[in-house]
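One structure is given here, and the rest of the page talks about it.
The values are calculated or read from the model by the stated rules, or taken from the named source; none is laboratory data. Given the structure is predicted, the values throughout are model-derived calculations rather than measurements. All Cβ positions, glycine included, derive from the backbone under ideal geometry; neighbour counts span all protein chains shown.
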2 protein chains.
Amino acid sequence: MTEQATQIQPAEYAVVDAEALRAWVAAVFSSIGVTQEDARTTAENLVASDVRGIESHGVARLGGYTGRVRSGRTEAHAAPVIVHETPSTATVDAGNSLGQPASKFAMELAIAKARQTGHGAVAVRNSNHYGIAGHWAMMALPHDMIGQAYTNSSPLLVPTGARVAVTGTNPIAVAVPALRERPWVLDMATTVVPRGKLEVYRRKGLPLPLGWAVDASGRPSDDAAAVLDSMDRRAGGGILPLGGTALFSGYKGYNLSVMVDILSGVLAGSGWGVHVDGLHGSENEPAGTGHFFSATRIDGFRPAEEFKAEMDAYIRMLKETPRAEGEARIWVAGEKEWELTEQHERDGVPLYYKVIENLRAIGADIGPRFDLA
Amino acid sequence: MTEQATQIQPAEYAVVDAEALRAWVAAVFSSIGVTQEDARTTAENLVASDVRGIESHGVARLGGYTGRVRSGRTEAHAAPVIVHETPSTATVDAGNSLGQPASKFAMELAIAKARQTGHGAVAVRNSNHYGIAGHWAMMALPHDMIGQAYTNSSPLLVPTGARVAVTGTNPIAVAVPALRERPWVLDMATTVVPRGKLEVYRRKGLPLPLGWAVDASGRPSDDAAAVLDSMDRRAGGGILPLGGTALFSGYKGYNLSVMVDILSGVLAGSGWGVHVDGLHGSENEPAGTGHFFSATRIDGFRPAEEFKAEMDAYIRMLKETPRAEGEARIWVAGEKEWELTEQHERDGVPLYYKVIENLRAIGADIGPRFDLA
């Protein structure tokens, strides 16, 4: 149900074995000084994104991560430190490492605390881009817990009434186990559309629907190229929050984005708002990205088997809701991604040729060679 | 920042003293067998809504509450029971009482657990309509905690691709303390607009913007009267989720609504989805409404004074964001309600004449007499 989940069309891609891709990505990170364990953690998160059909957050971004590690802007060696804790909460300083090892550490800590007290909540400061949020929330599932993951990111969302981007895509991910049905997994940006969508419209020369983005004066714009250019120069304009303009209650998306930033940034003692630089930031300083994770024991409320059986019934209720004319299906959160995951783990992950070229260049530059496609 | 917060126009209303109104509403509940303490709790929640400018959830609904108590559909005597707990979590059975006393009990329990462990989360089953969500989230503020409150409600939201309402307005409320600035308080329905908005369009005979509601076939409709009529007969159609149609990512609002229902309904072991009846349900059985509350100690993560000073800076960043052409102000969540609260506590609460007529009728019927306007 993530907005970016798409089925890539044939002729644009080659298919690559998922496990071989994980191994190669991990080897690349090892080549630039990341420990084997952290390299594997980061590779699993990036490839999970491609496997789930969210190619915007997958190996297409590998060069961004490696570039930052090689330039020293992100630390190769992760050494997350618990700087403060109570039985149910903790703050972790990621030491400006890759976001993925810090996130795994923090979510494992949240799960351990939930096992002890019923609920664990862990905020992470001084981190970097952590890949897809859903991957971290889903760590709670095998423990019969509800997982949640938030992160802030570099500014691109323009608050209702403004003309400058202040918060990031600031996603919300929630994973809930079921019994026979597949877990319910929400992973959504709090913007109305992802940045990648504007890039597609620019490439195709199509006018944007009014309500997705505003120009440097704050007016709704249909010109993807102009908006992206202005955003990249930090000259104003950007993407509207979930809901778009005020007509469709865009201020709710704006405030959800702020809520994610309060938990991930302010509560963690990390960067927030316009101070978060993110993966594509141009300045030569730490990103200051913050995250927030929680794990909630289901049997802190009611027996887990009972709950999971009722989640099955809930999911069936959604699937069996009478459909609007012309609609083939009511989608359940995460369902599309589960179907793509099965397909891609079995038949291989489709990667765009331009992504493959990119991976070849990274392999030639850093090693090892990319010869999976 | 709540969608319903509006400034009532003169000539449509009379002004009533807030404290006198609370006392009268409490006296009405006492007249029908509710204990003094619970009557006061319920009155405070209802009047808080009017005071905050959200008249849709205020004393205008009093007759709905009293009608249910008098018919025995809601129990007059609240006896909330903790049916399960861990150090950080609990499930409370409200015993089909008014939602307000059960909510106060549950939020106090969440705060007590947070004081012990850093985080408290309490789910409530077998409850009824609890009024405005923000009121409960805000209970955390004096304790330097972040409060959250969710509830499910009777079906009126049509999931993306469907033609029948499955979930309710299912609001999300989050309250965050600041130091000198007023607390940041989000209180938002997960529908694109509240039901009351459709009622206003029906009354004025105006066409609905396409993207707010669908008719019984699931097609976007501009006919408020037809949609409301069809909804009320449970014949299909209803309000679209936050985001509206797929073009503005309405599936995100749909899934946020489901998330609220999973926490409030499934996790609590209460009613969920189409099984929640709500205040206006016609069947003669308990509403089965469920709620979910949490309290998070700020100093479970970092010193509270530090955090609150940084929230001040965050709020100022939002207020000072360069405005779009023609915009007078960037609103911060809760700001509008704080301003109205100050005004209404000082100068009195404006009540529509038709609401006053209603209160007079309740006073004549149940007692005491309503003579505040």
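Quick notes on this structure:
- Odd one out for B:Phe301, checked against (1) within 30 Å of A:Thr86 (Cβ to Cβ); (2) touching a residue at least 40 places away in the same chain (Cβ under 8 Å): (2)
- Of residues in segment B:138-180 being hydrophobic (A, V, I, L, M, F, W, C) and part of a helix (DSSP H, G or I), the one farthest from B:Pro101 (Cα to Cα): B:Leu141
- Segment B:82-96: number of residues that are within 30 Å of A:Lys113 (Cα to Cα) and either more than 14 Å from every other protein chain (Cβ to nearest Cβ) or in a loop (DSSP other than H, G, I, E, B) (or both): 4
- Flag if A:Arg346 is at pLDDT 95 or above and in contact with a helix residue (DSSP H, G or I) (Cβ under 6 Å, 6 or more places away or on another chain): no
- For B:Ala216: the one exception among (1) under 19 Å from B:Gly273 (Cα atoms); (2) more than 19 Å from the chain's Cα centre (by Cα); (3) buried (at least 22 other Cβ atoms within 10 Å of the Cβ): (3)
- Single match in A:Ser217, A:Ser221 (criterion: at the interface with chain B (Cβ under 7 Å from one of its Cβ atoms), more than 30 Å from B:Pro177 (Cβ to Cβ) and at pLDDT 95 or above): A:Ser217
- Top-ranked residue in segment A:360-369 [being part of a helix (DSSP H, G or I) and either of a type in the set (D, E, K, R) or at pLDDT below 95 (or both); ranked as surrounded by the fewest Cβ atoms within 10 Å (Cβ to Cβ)]: A:Asp365
- Subset of segment A:97-137 [part of a helix (DSSP H, G or I), closer than 19 Å to A:Val25 by Cβ and more than 14 Å from chain B (Cβ to nearest Cβ)]: A:Gly99, A:Gln100, A:Pro101, A:Ala102, A:Ser103, A:Lys104, A:His135, A:Trp136
- Just one residue in the set B:Leu198, B:Leu186 is closer than 22 Å to A:Gly244 by Cβ, away from chain A (no Cβ under 13 Å) and not acidic (Asp, Glu); that residue is B:Leu198.
Conditions (1) touching a Cys at 6+ places or on another chain (Cβ under 8 Å); (2) part of a helix (DSSP H, G or I); (3) within 30 Å of B:Gly269 (Cα to Cα), marked per residue:
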residue	(1), (2), (3)
B:Phe292	no, no, yes
B:Thr296	no, no, yes
B:Asp299	no, yes, no
B:Ala328	no, no, no
B:Ala333	no, no, no
B:Leu351	no, no, no
B:Asn358	no, yes, no
B:Asp371	no, no, no
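- Of all the criteria given as (1) modelled with pLDDT under 95; (2) in contact with a Leu (Cβ under 6 Å, 6 or more places away or on another chain), the one not satisfied by B:Ala309 is (1).
- Odd one out for A:Ala175, checked against (1) more than 10 Å from chain B (Cβ to nearest Cβ); (2) buried (at least 22 other Cβ atoms within 10 Å of the Cβ); (3) farther than 30 Å from A:Met107 by Cβ: (3)
- Annotation: B:Trp272 fulfils all but one of (1) of a type in the set (Phe, Trp, Tyr); (2) more than 10 Å from chain A (Cβ to nearest Cβ); (3) touching a Gly at 6+ places or on another chain (Cβ under 6 Å); the unmet one is (2).
- Test: residue in segment A:7-20 that is over 18 Å from A:Arg360 (Cβ atoms) and modelled with pLDDT of 95 or more: yes
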